[in-house]
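Enquirer: Below you will find the structure I want to go over with you.
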Amino acid sequence: MRTVHRAIAASMLGAVLLATVGCSGQPMTATEGGTLGGGLLGAGTGAIIGAAVGHPLAGAAIGGGLGGLGGYAVGSQMQSQDAQQQQVNQQISQQQQEIEQQRREIEQMRQQQQTE
């Protein structure tokens, strides 16, 4: 039972440390959020598994590191997709503005032809 309490304490300590390091006062990017989330989940899972073999702190450290790496990879991919989507949205917006400008020009040309 004492080992389980150590595992819980280790995962809570890891969570507090990761949350403190991850908070800079600005919104987190997808990469940062993925890294933090993966690290927290990995540390908690690692602490529980480590407690089963008598090494909760080592389990939390290993699990946190592996979870952080996995979370970084997922978050980075999500951030990349978001950037690509923003670029597509900007292109669509520019094209809509060009279409609207051309529509106004066509309407002006029609009005000029009617007055002639």
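FYI, it's all coordinate maths here, none of it is from the lab. As the structure is a computational prediction, the values presented were derived from the model and not from experiment. Note that each Cβ is placed from the backbone with ideal geometry, even for glycine, and that neighbours are counted across all protein chains shown.
Enquirer: If you go through region 52-64, how many residues are touching a Gly at 6+ places or on another chain (Cβ under 7 Å) and surrounded by fewer than 17 Cβ atoms within 10 Å (Cβ to Cβ)?
Expert: 1
Enquirer: Moving on. Which condition does Ala83 not pass, out of (1) within 27 Å of the chain's Cα centre (by Cα); (2) more than 17 Å from Ala30 (Cβ to Cβ); (3) among the hydrophobic types (A, V, I, L, M, F, W, C), if it passes all the others?
Expert: Here Ala83 meets the rest and fails (2).
Enquirer: While we're here: What is the one condition in (1) over 34 Å from the mean Cα position of the chain (by Cα); (2) surrounded by 10 or more Cβ atoms within 10 Å (Cβ to Cβ) that Thr115 does not satisfy?
Expert: Here Thr115 meets the rest and fails (2).
Enquirer: Something else now. Can you tell me which residues in region 63-116 are in contact with a helix residue (DSSP H, G or I) (Cβ under 8 Å, 6 or more places away or on another chain) and of a type outside the set (A, V, I, L, M, F, W, C)?
Expert: Gly63, Gly64, Gly65, Gly67, Gly68, Gly70, Gly71, Tyr72, Gly75, Ser76, Gln79, Asp82
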